[in-house]
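Below is one structure, written out as structure tokens; the observations come after it.
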Amino acid sequence: MHFDLQDLRLFIHVAEAYSLTGGAQRAHLSTAAASTRMKALEGQLGSRLFYRSSQGVELTPAGDRLLRHARAILRQVEHVKSDFSGYADGAAGHLRIFANTTAITEFMPEVLARFLATRPGITVDLQERLTRDIVRGVLDGTADLGIVAGVAKAQGLQLLPFSLDRLVLAVPRGHVLANRPRVSFQETLAYPHVGLHDGSTLLQFLQDQVKDMGRSLPLRIQVLGFEPACRMIEAGVGIGILPESCALRYQRTLAIQLVELSDAWAQRERSIAVRELEALPSCGRALVEAIFDHEGFSPPSTTTDKLSSVQ
């Protein structure tokens, strides 16, 4: 069975546009030419790939399966081009990273600043996503790698733990909970909360926890970022659950106090998620190593062996 890469690219364009015409425009083809190519692809696979209607097109189960493979194939083609682009030691290429809120705001800016400073030929697309979307993106090839915290297991996903992420309760000074050595998350639900914006991984994680309790998170205000959250907490607007690393930093300049959470899930393992470490381009493996170096964690021996070829 022979696959034409142009047909796979066109198929992805049509699937993402939910329209044969829209996909054809993205591929700079006429609608008629695009339709002929897609029918030929269906004939070659012996499977119907689209449900067609006056509103556009929708993937069939077979089409959904092909979309995952097509994205992975084209990403791998880009990796091959990157590795043989003429730059030495993986200094060229493009990486797409899906990460949680904490990673994007706390340590990835510094990691990427150092990483990219010596690699002018590399570009990076860093996107904040929910954990489930990070996992899905890595599995279907939309992202080269993901950064998650806590449980994120899925068949076909390789997790590389690199640090620990503890969640704590932040309260204004003088709050009734301020002098408690430990509190449970359930106890905090008696007080109004300061939360992050919709779409943040931390907010979604906390909402999942209260949903399991049959409760709802008592949000009084939502903000865009950890610093405004800490300022709202300092002002007495509410209390909030935050990563300890950022809460400690803001505690130096703001009148907030931190209280340990007694819940087992409060301490979470941060991991890099990849489909297959060895399949990453050399610049991707170099970034994985840079994250481990920044966090001061030693990668597992199997990971070290696979990364050794980067140097």
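The values are calculated or read from the model by the stated rules, or taken from the named source; none is laboratory data. All values reported here derive from a predicted model rather than from experimental measurement. We place every Cβ from the backbone using ideal geometry, glycine too, and count neighbours over all the protein chains shown.
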- Message: Being in contact (Cβ under 8 Å) with a residue 12 or more places away in the chain and over 20 Å from the mean Cα position of the chain (by Cα) is the requirement here; does Pro228 meet it?
- Response: no
- Task: Residue by residue through the stretch 253-278, note down the ones that are farther than 15 Å from Glu289 by Cα, of a type in the set (A, V, I, L, M) and touching a Phe, Trp or Tyr at 6+ places or on another chain (Cβ under 8 Å).
- Result: Ile256, Leu261, Ala266
- Residues located in the stretch 47-98, provided they are within 21 Å of the chain's Cα centre (by Cα), at pLDDT below 90 and farther than 17 Å from Leu8 by Cα: Gly93, His94
- Note on the structure: Those residues of the stretch 198-225 which are under 22 Å from the mean Cα position of the chain (by Cα), surrounded by fewer than 17 Cβ atoms within 10 Å (Cβ to Cβ) and of a type in the set (Gly, Ala, Ser) amount to Gly199, Gly225
- When the stretch 33-65 is examined, which residues are found to be of a type in the set (Gly, Ala, Ser), assigned to a helix (DSSP H, G or I) and surrounded by 15 or more Cβ atoms within 10 Å (Cβ to Cβ)? Ala34, Ser35, Ala62, Gly63
- Just wondering, is there one or more residues in the stretch 167-174 that are surrounded by fewer than 13 Cβ atoms within 10 Å (Cβ to Cβ) and within 20 Å of the chain's Cα centre (by Cα)? no
- So which residues in the stretch 239-276 are among the β-branched types (Val, Ile, Thr) and crowded, with 21+ Cβ neighbours inside 10 Å? Ile239, Ile241, Ile256, Ile272, Val274
- Message: Give me the residue from the stretch 143-157 that is surrounded by fewer than 18 Cβ atoms within 10 Å (Cβ to Cβ) and of a type outside the set (Gly, Ala, Ser) and, out of that set, farthest from the chain's Cα centre (by Cα).
- Response: Gln155
- Query: What number of residues within the stretch 1-58 are in contact with a strand residue (DSSP E or B) (Cβ under 6 Å, 6 or more places away or on another chain), of a type outside the set (A, V, I, L, M, F, W, C) and farther than 18 Å from Asp140 by Cβ?
  - Reply: 2
- Looking only at the stretch 106-116, decide whether some residue is part of a helix (DSSP H, G or I), among the charged types (D, E, K, R), farther than 13 Å from Ser271 by Cα and in contact with a strand residue (DSSP E or B) (Cβ under 7 Å, 6 or more places away or on another chain). yes
- Residue under evaluation Arg268, criteria (1) outside any helix (DSSP H, G or I); (2) modelled with pLDDT of 90 or more; (3) of a type outside the set (Val, Ile, Thr); (4) within 23 Å of Ala143 (Cα to Cα), criterion not met: (2)
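Conditions tested, residue by residue: (1) of a type in the set (Gly, Ala, Ser); (2) closer than 22 Å to His2 by Cβ.
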site	(1), (2)
Ile12	no, yes
Ala15	yes, yes
Ser30	yes, no
Arg37	no, yes
Ala40	yes, yes
Gly43	yes, yes
Tyr51	no, no
Arg65	no, yes
- Item | Residue within the stretch 127-142 that is at pLDDT 90 or above and surrounded by fewer than 16 Cβ atoms within 10 Å (Cβ to Cβ) present | yes
